[in-house]
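First up is the structure itself, then whatever we jot down about it.
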Amino acid sequence: MQLSSKHLLGIRQLTAQDIQLILDTASQFKEVLQRPIKKVPSLRDVTIVNLFYENSTRTRISFELAEKRLSADTVNFAVSGSSVSKGESLLDTVNNILSMKVDMVVMRHSATGAPHFLSKHIQASIINAGDGINEHPTQALLDAFSITEKLQSLRGKKIAIVGDIMHSRVALSNIYLLRKMEAEVMVVGPPTLIPKYLQEAFDIRVEYNLLKALQWCDVANVLRIQLERQNQVLFSSLREYNLAYGIKKSVLAQLKKEIVIMHPGPINRGVEIDSDVADSQQSVILQQVENGVAVRMAVLYLLAGQRES
Amino acid sequence: MKTILNEHHLSLTIQRLCHQILENHLDLKDTVLIGIQPRGIYVSDRLVRELKKELPGQPVNYGLLDITFYRDDVRKQLLKANHTNINFTVENKHVILVDDVLFTGRTIRAAMDALLDFGRPASVELCVLIDRRFSRQLPIQPDYIGKSIDSFQSQKVKVFWKEKDGAEEVVLM
């Protein structure tokens, strides 16, 4: 029983069995998190560095809590205030940290493929916490975990991913994962935010009308409009985006069923999702955050367990 | 392969263990039984069933404990984690840990660590169906023993249960 890879670079590199193993293990860790003492000694002898070259709240805190609740030793690294500003390269920085006997690296980087590059040059296990516009595997895993909690399984379920598909690593990881687990996927958003060959590449549906997509799906995973990644104008204004693609009570009221609303955070309230929807019973946004710790514990535990094999 | 306990013998042994537990814990009010996953729970399931027969109408505090995350050999092999279900506090309770085979004692060591994360019990006892004598690697001894056996390190003791394996017996392999 182990994962097929010593790194978690992306969902792309995982098999369906790997994904199932992580989700099963995560549900056991979720129980650990309900205990009076929410901590197990499994990774007592493991040291993990959290290397965040990009801003993060949820992911960084979630990883750090997961590490602490597994009893691992952790080191945090933030780019500002480090020697990166003196011009040290990524590989040099990591090699210096690893020479202080660190076993695993959790990293987020704005360059697509940065963790893949590192994995070719170092011994330690690497966990991708988001690289550029490529993947954010632990987010997809926790989304999948949250969906199975609500709907029992992924197979045959209809998931709509709404919004900025082009710039979103959450979208790509989710698409890989959901297709590997035999769920049906639809992406919906303005044509300018949906890459051209997505439909053929993944055998998924593409829709430009929000209402039609919501009528089709069981779960809507609403993505954040990434203001920091828009160097060109891909839609005319935030207000117009909200009118056409924002998730509102009035749109949900037109459906004949209650769908599950998800969002990876941080939320732009009043842009991709309205406050009354984000805070409603239908939304599982905070459960996603809660599940994130359990899922990351599972990933760290499973990767640490095969260091020596 | 040698049969140590057959089906009839096994059910008599479970009944005896149940009576021995009751001798020490007359009304079970402050006593909790905790079966150790994955295979101890079949013993504890049966013990609880017998205890309920002896004390009709009396609730029996019963939980399941998985010790995978507390093992001392995480780095050697990964085992599949099972479900833990202890929906009461063990604070000031008399806990009886239940497992099928006691061999090196390492599982019980991990189980005690895990148990303490649920509170501070008044006492902890150990009940095992099969005690493999003279094979302990840690100073752990059972309080209730179904059957003691002598065996080589290289041998295996396997307990089969109807609901899991189709047959019900204990064999030495």
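The residues listed here are B:Lys52, B:Lys156, B:Lys93; of these, the one that is touching a Pro at 6+ places or on another chain (Cβ under 8 Å) and of a type in the set (Lys, Arg) is B:Lys93. Of all positions in region B:85-94, at least one carries a residue that is over 19 Å from A:Arg35 (Cβ atoms), touching a residue at least 60 places away in the same chain (Cβ under 8 Å) and under 16 Å from the mean Cα position of the chain (by Cα).
Annotation: A:Asp92 fulfils all but one of (1) under 30 Å from A:His263 (Cα atoms); (2) surrounded by fewer than 17 Cβ atoms within 10 Å (Cβ to Cβ); the unmet one is (1).
Residue by residue, here is whether (1) touching a Lys or Arg at 6+ places or on another chain (Cβ under 7 Å); (2) closer than 30 Å to A:Gly132 by Cα; (3) exposed (fewer than 14 other Cβ atoms within 10 Å of the Cβ) holds:
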residue	(1), (2), (3)
A:Gln215	no, no, no
A:Asp218	yes, yes, no
A:Val222	no, yes, no
A:Glu228	no, yes, yes
A:Leu252	no, no, no
A:Glu258	no, no, yes
A:Ile261	no, yes, no
A:Gly265	yes, yes, no
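In summary, A:Ile159 fulfils each of the numbered conditions (1) farther than 21 Å from A:Ala16 by Cβ; (2) surrounded by 19 or more Cβ atoms within 10 Å (Cβ to Cβ); (3) of a type in the set (Val, Ile, Thr) with the single exception of condition (1). Residues of region A:114-132 that are more than 13 Å from A:His7 (Cβ to Cβ) and over 12 Å from the mean Cα position of the chain (by Cα): A:Gly132 alone. Answer yes or no: is there a residue in region A:83-90 that is touching a Lys or Arg at 6+ places or on another chain (Cβ under 9 Å) and among the polar types (S, T, N, Q). No - not one qualifying residue is present in region A:83-90.
If we keep just the residues of region A:21-35 that are more than 11 Å from every other protein chain (Cβ to nearest Cβ) and under 17 Å from the mean Cα position of the chain (by Cα), which is surrounded by the most Cβ atoms within 10 Å (Cβ to Cβ)? The selected residue is A:Ile22. Does region A:9-32 contain any residue that is basic (Lys, Arg) and part of a loop (DSSP other than H, G, I, E, B)? Checked against the condition, which is being basic (Lys, Arg) and part of a loop (DSSP other than H, G, I, E, B), region A:9-32 yields no hits at all. So for region A:95-102 (the condition being loosely packed, with under 15 Cβ neighbours inside 10 Å, in contact with a strand residue (DSSP E or B) (Cβ under 6 Å, 6 or more places away or on another chain) and either free of Cβ contacts under 8 Å to residues at least 40 places away in the same chain or of a type outside the set (Ser, Thr, Tyr) (or both)), does at least one residue qualify? Checking region A:95-102: not a single residue is loosely packed, with under 15 Cβ neighbours inside 10 Å, in contact with a strand residue (DSSP E or B) (Cβ under 6 Å, 6 or more places away or on another chain) and either free of Cβ contacts under 8 Å to residues at least 40 places away in the same chain or of a type outside the set (Ser, Thr, Tyr) (or both).
Within region B:77-125, being touching a helix residue (DSSP H, G or I) at 6+ places or on another chain (Cβ under 6 Å) and hydrophobic (A, V, I, L, M, F, W, C) holds for B:Leu79, B:Ala81, B:Leu97, B:Val98, B:Ala110, B:Ala114. Report whether or not B:Gly35 is in contact (Cβ under 8 Å) with a residue 12 or more places away in the chain, more than 12 Å from chain A (Cβ to nearest Cβ), farther than 20 Å from B:Ile14 by Cβ and of a type in the set (Gly, Ala, Ser). When the stated conditions are applied, B:Gly35 does not pass them. Counting only helices (runs of 4 or more DSSP H) wholly contained in region A:205-309, the ones carrying 1 or more residues that are touching a Phe, Trp or Tyr at 6+ places or on another chain (Cβ under 8 Å) and within 14 Å of chain B (Cβ to nearest Cβ) occupy A:285-304.
Restricting A:Thr148, A:Thr138 to residues that are over 14 Å from the mean Cα position of the chain (by Cα), among the hydroxyl-bearing types (Ser, Thr, Tyr) and part of a helix (DSSP H, G or I) narrows the list to A:Thr148. If you scan region A:49-64, which residues turn out to be surrounded by fewer than 17 Cβ atoms within 10 Å (Cβ to Cβ) and either touching a Ser or Thr at 6+ places or on another chain (Cβ under 6 Å) or not hydroxyl-bearing (Ser, Thr, Tyr) (or both)? A:Asn55, A:Arg58, A:Ile61, listed by residue number. The single condition among (1) in contact (Cβ under 8 Å) with a residue 12 or more places away in the chain; (2) surrounded by fewer than 18 Cβ atoms within 10 Å (Cβ to Cβ); (3) aromatic (Phe, Trp, Tyr) that B:Phe152 does not satisfy is (1). Apart from one condition, A:Leu9 fits all of (1) out of contact with any strand residue (DSSP E or B) (no Cβ under 9 Å at 6 or more places or on another chain); (2) surrounded by 16 or more Cβ atoms within 10 Å (Cβ to Cβ); (3) modelled with pLDDT of 95 or more; the exception is (1).
Looking at region A:28-44, can you tell me whether even one residue there is in contact with a Lys or Arg (Cβ under 7 Å, 6 or more places away or on another chain) and modelled with pLDDT under 90? No, every residue in region A:28-44 fails to be in contact with a Lys or Arg (Cβ under 7 Å, 6 or more places away or on another chain) and modelled with pLDDT under 90. Specify the residue that is nearest to B:Ile21 (Cα to Cα); the eligible residues are those in region B:100-123 that are in contact with a His (Cβ under 8 Å, 6 or more places away or on another chain) and surrounded by fewer than 19 Cβ atoms within 10 Å (Cβ to Cβ). So the residue we want is B:Ser123. In the set A:Leu211, A:Leu300, only one residue is over 30 Å from A:Leu3 (Cα atoms), modelled with pLDDT of 95 or more and hydrophobic (A, V, I, L, M, F, W, C); that residue is A:Leu211.
The values are calculated or read from the model by the stated rules, or taken from the named source; none is laboratory data. All figures in this text were calculated on a predicted structure; none of them were measured in a lab. All Cβ positions, even for glycine, are placed from backbone atoms using ideal geometry, and neighbour counts span all protein chains on display.
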